[in-house]
Protein chains: 2
Amino acid sequence: MLTKRRAALLGLVVDEYIDTATPVSSRALAARHGLGVSTATIRSELARLEDEGYIAQPHTSAGRVPLDRGYRLYVEEIMAEEPVGLNEQRTIAHQFHQAEPRLDDWLGLAATLLAGSVTNIAVIARPQGQDVRLRHVQLVELTADSVLVVAVLEDGRVLQRIASLGQPVDQDALAVLARRLSARLVGSDAAAGRVLAEELAGDEQRIALATAELLDESHQAGETYVEGLRAALEQPEFSSVQRMLEAVRHLQAYELLHTLPDPQQIGRGATRVVIGHENGSPWLQDWSMVVSAFGDRDGAVGTIAVLGPTRMRYGYTIPRVRYVAALISSLLERMHR
Amino acid sequence: MLTKRRAALLGLVVDEYIDTATPVSSRALAARHGLGVSTATIRSELARLEDEGYIAQPHTSAGRVPLDRGYRLYVEEIMAEEPVGLNEQRTIAHQFHQAEPRLDDWLGLAATLLAGSVTNIAVIARPQGQDVRLRHVQLVELTADSVLVVAVLEDGRVLQRIASLGQPVDQDALAVLARRLSARLVGSDAAAGRVLAEELAGDEQRIALATAELLDESHQAGETYVEGLRAALEQPEFSSVQRMLEAVRHLQAYELLHTLPDPQQIGRGATRVVIGHENGSPWLQDWSMVVSAFGDRDGAVGTIAVLGPTRMRYGYTIPRVRYVAALISSLLERMHR
DNA sequence: TCTAGCACTCTCGGGTGGCGAGTGCTAACC
DNA sequence: GGTTAGCACTCGCCACCCGAGAGTGCTAGA
């Protein structure tokens, strides 16, 4: 059974360790926080916490270090969140309102701001293979023999692709074709585009195919934004070349993408913390993730996460991830409206 | 005076050092390359090369390491280039032809391919503040009260921006406005766009302003593509945490941008090698750069560079940088045609 | 139940010595 | 004069040892 005192003590150990990155001794705890008991008492309590699997000592004559289980309890029951202050909120929101109203720009900006704010790695992803539907197609004459296909997707992205033609087309024919494409393809996906292309021929077919490819691309793209590598690497956990190289090796967009939880399972507004071994990948054994999802009222469309050593300022990071996710969601809704 | 034999010896020292990353001893030289002389002779020649400032020894009982001056001579007179094989050319060119015909995509791809090929950092930049002119404007109706402004630039980029309107516009009015914008703005820049906006009012003004902003953006963007950090960091020069952190700290896009030479001064088809202290920045003292420029027949529009430790495979890197730059130039020309 | 005291364990940093790699120098040789 | 063999010398690297310090667990007593 975990007494109240031991839980509080665990909280102090985690706080202290997050702060100093060195094993926490009974003396340090007694000195920094005026607990009414002696170091000997603290030691016996620490021993109990160790028995229960919350903390451990790296070697006999060292202080205590939190284990994943300790962090888990800390995150769920003990820690105090440090809410995002009004000023901070304003500073962040301001930057978004100054940026281009484009999802891609927003996500890049969000990654940068978030990484800077929590001095860890921020990962933002639109998941792959998601069902993205077409909201709008337009054809723009570029040169005599090429046409720009512009597709607006339901999630607000605008994609474009150049289709080169066999022969010149006139503006009117394009307008007709655009209407036809819209009529058939709005609300559907690449497969429908390819079916339609089959029915057409010549340049019309090319354009329809380009549209289908555009929709394909929207699937696969799943652009991932990763920022904050530098800040993360400055932390003491990477003070050896091997650890550092290993981190740099694994922190590739495509690898991260597969380790992020599915945004659908998290739900908008919620945050989830994944600690150490709870991550599937072996290389993430001593990393933690704070994950949230963003999207418009139709559901979650992407994941926003902060990645860092398990020794992470959870109480500080979690509200900030949540805030940025909520901000993007609200921007998305405003854009769609 | 540098005799022929000493020059050849310098070449061997550099080759060997590039290969092994450890100071080169007289014995190693005698063993690997069947020079017809003994190690004692080699030693005395090495001593002369040291007097002349081409090489140095890190400490008394160590072999020789090339100095910047040694690399310089090596690059200019001694080294043998390793040309890009036909197969390699085909593999690379193939990937470009498969990619979207979009400058941004090409540059990203080029950075990735180049970095992989030379296992160092590839930096590709379109320089900022360059005079980009408009080739084409089109307006696309998105929703009742928003219009997508699509601008095609002379360098082949397609930019877009959403302008929201005060009241619904009909397709015909848009077409008229698009023609007017084109008539006035093709071949000119953001300033002209703003002048035109002054003459208009209401939604027309908004759209003209959006167009001007688009042209502004094209100036500032100066997108920089940096790839290959991981591969570079695996090299032995970064075997200490400080060196590694320093590298990661400085390798930020905006910082690199300012250290790249002006593409105009290099000229298309040419390559320039900047070795160690020849770089302005103090942190680049033991880095080298192989730089080339790309562009269409109207001139150079961007820089393509490989960045790595001074101990770099120059003979291998230079032809590859040149090849990729030429490839992009030819793709650009084909696109503009 | 808490505390003071104490023996014990383990890391970390500094100092030492031997080893090996390479060099420069010198004297002899072609 | 250029080349070579031999040798003394220098210096970095590494393994090893040792002492100091930090921190613990245990025990006996309040």
**Index of the failed condition, residue B:150 passing every other in (1) modelled with pLDDT under 80; (2) facing chain A (nearest Cβ under 10 Å); (3) buried (at least 17 other Cβ atoms within 10 Å of the Cβ)** = (1)
**Request:** Among the residues of the range B:153-181, write down those that are in contact with a strand residue (DSSP E or B) (Cβ under 8 Å, 6 or more places away or on another chain), within 13 Å of another protein chain (Cβ to nearest Cβ) and among the charged types (D, E, K, R).
**Result:** B:154, B:161
**Prompt:** Of the residues A:204, A:278, A:255, A:234, which single one is in contact with a strand residue (DSSP E or B) (Cβ under 9 Å, 6 or more places away or on another chain) and either of a type outside the set (Phe, Trp, Tyr) or within 13 Å of chain B (Cβ to nearest Cβ) (or both)?
**Reply:** A:278
**Prompt:** What is the residue count in the range B:46-60 for residues that are within 9 Å of DNA strand C (Cβ to nearest atom) and of a type in the set (Gly, Ala, Ser)?
**Reply:** 1
**Message:** Need the failing condition index for residue B:32 against (1) touching a strand residue (DSSP E or B) at 6+ places or on another chain (Cβ under 7 Å); (2) within 17 Å of residue B:19 (Cβ to Cβ); (3) without any contact (Cβ under 8 Å) to a residue 24 or more places away in the chain, just the number.
**Reply:** (1)
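Quick check on my filter: what residues within the range B:323-337 are modelled with pLDDT of 80 or more and in contact with an Asp or Glu (Cβ under 6 Å, 6 or more places away or on another chain)?
First, the residues of the range B:323-337 that are modelled with pLDDT of 80 or more: B:323-334.
Within the range B:323-337, B:332, B:333 meet the criteria.
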**Fill in**
The number of residues in the range B:21-45 that are open to solvent by 50 Å² or more (accessible area, probe 1.4 Å) and more than 9 Å from DNA strand C (Cβ to nearest atom) is 8
**Request:** State yes or no: is residue B:242 open to solvent by 50 Å² or more (accessible area, probe 1.4 Å) and within 14 Å of chain A (Cβ to nearest Cβ)?
**Result:** yes
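Criterion first (away from chain A (no Cβ under 11 Å) and open to solvent by 40 Å² or more (accessible area, probe 1.4 Å)) does residue B:184 satisfy it? Full working, then the answer.
On the way: away from chain A (no Cβ under 11 Å): yes; open to solvent by 40 Å² or more (accessible area, probe 1.4 Å): yes.
Criteria met by residue B:184.
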**Request:** Could you check, for the range A:88-110, whether at least one of its residues is over 26 Å from residue B:161 (Cα atoms) and open to solvent by 20 Å² or more (accessible area, probe 1.4 Å)?
**Result:** yes
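When you look at residue A:11, is it outside the structural domain of residue A:237 (by TED's automatic domain parsing), within 16 Å of residue A:311 (Cα to Cα), away from DNA strand C (no atom under 16 Å from the Cβ) and out of contact with any strand residue (DSSP E or B) (no Cβ under 9 Å at 6 or more places or on another chain), yes or no? Steps first, answer last, please.
Working: outside the structural domain of residue A:237 (by TED's automatic domain parsing): yes; within 16 Å of residue A:311 (Cα to Cα): yes; away from DNA strand C (no atom under 16 Å from the Cβ): yes; out of contact with any strand residue (DSSP E or B) (no Cβ under 9 Å at 6 or more places or on another chain): yes.
It is true that residue A:11 is outside the structural domain of residue A:237 (by TED's automatic domain parsing), within 16 Å of residue A:311 (Cα to Cα), away from DNA strand C (no atom under 16 Å from the Cβ) and out of contact with any strand residue (DSSP E or B) (no Cβ under 9 Å at 6 or more places or on another chain).
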**Request:** Any chance you could count how many residues in the range A:79-122 are under 14 Å from residue A:318 (Cα atoms), touching an Asp or Glu at 6+ places or on another chain (Cβ under 9 Å) and β-branched (Val, Ile, Thr)?
**Result:** 2
**Fill in**
Exactly one of B:301, B:226 is open to solvent by 40 Å² or more (accessible area, probe 1.4 Å) and either within 14 Å of another protein chain (Cβ to nearest Cβ) or within 13 Å of the chain's Cα centre (by Cα) (or both), and that one is B:226
**Complete:** Subset of the range B:182-195, residues aliphatic (A, V, I, L, M) and more than 10 Å from residue B:212 (Cβ to Cβ), comes to B:183, B:186
**Prompt:** Any idea which of A:78, A:18 is in contact with a Lys or Arg (Cβ under 6 Å, 6 or more places away or on another chain) and away from DNA strand C (no atom under 12 Å from the Cβ)?
**Reply:** A:18
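The values are calculated or read from the model by the stated rules, or taken from the named source; none is laboratory data. From a predicted model like this one, the values you see are computed outputs, not experimental measurements. We place every Cβ from the backbone using ideal geometry, glycine too, and count neighbours over all the protein chains shown. Keep in mind that these areas ignore ligands, DNA and RNA; they rest on the heavy atoms of the full protein, side chains included. Shrake-Rupley method; radii C 1.70, N 1.55, O 1.52, S 1.80 Å.
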